[in-house]
Amino acid sequence: MLAEDGGYVLEEVDIRHADGTIIPTLISAQRTIVDDVSFDVEVLLDVSARVRHQHEIELALRGSARTDALSGLPNRACFDEVIAGHVERMHESEKLLVLAFIDFNGFKAINDTMGHAAGDEVLRTIASRLRESFRTNDFIARIGGDEFVVLLEVDPAHLNDVEPTLIEAMDRIFKPIAIEGAVVELGAAVGVTMLQPDDDVTSFVKRADGYMYLAKQTGERLALVWLGHPGLAHVGGRMVRSRR
């Protein structure tokens, strides 16, 4: 370009520093010939800070696309990605994968009587309590209006701890909430299942969703059905017989 056009402006060039660091630059050059002698003036602009900033923006955008703006939790798109990865890798893991599907009871009444601002505050409160009630490596997401999921990797030796852990967590999470000078009581139907050898993502999620509807049919303010492990499951004093 120097030979043909006499110069160029802001060409992207990666330069290797003596210490091995790659530095992104923009280079402009101008060729001048004086008495048949060629003089080139080059201006190098280090744009590594700009590139880093752009990378940070891209990461932020990618993160926002996978995050529910209201609750701050991962959203449905992120959940779909994460659970697919877990299901794909579970045959390589010694741990069991447990999915809890949570749907609120009584949330519509809060929106209808107190307004959507109050409903949003309830969602934020529940999201905060969910974070506080589970381990940092447990995956929690808001996948719909008042639908949340918790994905747990469980050591087989501790499988029997799943049910009481979830029951205790739900009791804490769905305690009365003070909103705009009023106290509201919110409940939930929770369907829980364990990944089976012949499951794919669709069957796994569909089963947990179906078990949640069974819990909702009990009519209890707070009900959990732990289907996928023999025994009895309960929340809020209501016993629901489990089945595989």
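Starting from 0.36 nm per residue, how many nanometres of slack lie between A84 and A182 once their C-alpha separation is accounted for?
Taking A84 through A182 to full extension adds about 31.2 nm, to one decimal.
Calculated FRET efficiency, H55 and T32, Cβ-Cβ r, R0 41 Å, to nearest 0.05?
Calculated transfer efficiency: 0.65.
Helix 201-216 versus the longest principal axis of the chain: what is the Cα-based angle in degrees, 0 to 90, to the nearest 10?
Around 40 degrees separate the two axes.
Probe of 1.4 angstrom, ligands and nucleic acids ignored: what's the accessible area per residue over region 80-122, in square angstrom?
52 Å²
What is the angle, in °, between the Cα long axis of helix 76-89 and the longest principal axis of the Cα atoms in the chain? Nearest 10 is fine, range 0 to 90.
80 degrees
Pick from I179, I83, I15: which residue has the top mean-square fluctuation in a GNM of the chain where Cα pairs under 10 Å get a spring?
Between I179, I83, I15, it is I15 that shows the largest mean-square fluctuation.
Report, in degrees rounded to the nearest 10, the 0 to 90 angle that the Cα long axis of helix 48-65 makes with the longest principal axis of the chain.
20 degrees
If the cut-off is a Cα-Cα distance under 28 Å, which lysines reach K95, setting aside same-chain residues fewer than 8 apart in sequence?
Cross-link targets: K206.
If eta is 0.890 mPa s and T is 25 °C, what Stokes-Einstein diffusion coefficient results for region 102-198, Kirkwood Rh from Cα pairs, in µm²/s?
Approximately 169 µm²/s, per Stokes-Einstein.
Which ³J(HN,Hα) values in Hz, rounded to whole numbers, follow from the phi angles of region 178-189 under the Karplus curve 6.51 cos²θ - 1.76 cosθ + 1.60, where θ = phi - 60° and Gly and Pro get x?
Running phi through 6.51 cos²θ - 1.76 cosθ + 1.60 with θ = phi - 60° gives 8, 9, 6, x, 10, 10, 10, 10, 10, x, 7, 9 Hz.
Whole angstrom only: what separates the Cα centroid of region 168-197 from the Cα centroid of region 1-69?
Distance between centres, Cα-based: 53 Å.
Can you spot the lysines whose alpha carbon is less than 19 Å from K175's alpha carbon? Ignore those fewer than 8 places along the same chain.
Those lysines meeting the cut-off are K108, K216.
I want to verify a result. In a Gaussian network model of the chain, Cα cutoff 10 Å, which of these has the top mean-square fluctuation: A223, A127, A65?
Between A223, A127, A65, it is A65 that shows the largest mean-square fluctuation.
Could you work out the percent of alpha carbon pairs in the chain separated by over 26 Å, rounded to a whole number?
Every Cα pair in the chain considered, those over 26 Å come to 54 percent.
Amide H neighbours of L222 under 5 Å, at least 5 residues apart or on other chains, H built in the peptide plane: list them.
Those lying under 5 Å, H to H, from L222 are A188.
For region 25-115, with all protein chains present and a 1.4 Å probe, just round the carbon and sulfur fraction of the accessible area to a whole percent.
Answer for region 25-115: carbon and sulfur cover 56 percent of the accessible area.
What are the ³J(HN,Hα) values, in whole Hz, obtained from phi via the Karplus relation 6.51 cos²θ - 1.76 cosθ + 1.60 with θ = phi - 60°, for each residue of region 158-164 in sequence order, with x given for Gly and Pro?
Using θ = phi - 60°, the values come out as 10, 4, 5, 7, 4, 4, x Hz.
Which value, in debye to the nearest 20, describes the size of the charge dipole of region 1-116 about its Cα centre when Lys and Arg Cβ atoms bear +1, Asp and Glu Cβ atoms bear -1, and nothing else is charged?
Magnitude of the dipole: close to 880 debye.
Can you show me the helix-derived [θ] at 222 nm for the chain, built from DSSP H runs with n ≥ 4 at -39,500 (n - 2.57) apiece and divided by the number of residues, rounded to the nearest 500.
-11500 deg cm²/dmol
GNM on the chain, C-alpha springs below 10 Å: top fluctuator among L26, L159, L73?
Top of the fluctuation ranking is L26.
Students often get this wrong: which residues of region 189-209 have the backbone nitrogen under 14 Å from the point 7 angstrom along Cα-to-C-beta of S93?
Within reach of a label on S93: 194-197, 201.
In terms of solvent-accessible area of protein heavy atoms at a 1.4 angstrom probe, what is the ranking of D161, D103, highest value first?
Final ranking, largest accessible area leading: D161, D103.
The values are calculated or read from the model by the stated rules, or taken from the named source; none is laboratory data. Just so it is clear, the model here is predicted, and its values are computed rather than measured. All Cβ positions, even for glycine, are placed from backbone atoms using ideal geometry, and neighbour counts span all protein chains on display. Just so you know, the surface numbers come from the protein's heavy atoms only, side chains and all, with ligands and any DNA or RNA stripped out. Shrake-Rupley method; radii C 1.70, N 1.55, O 1.52, S 1.80 Å.
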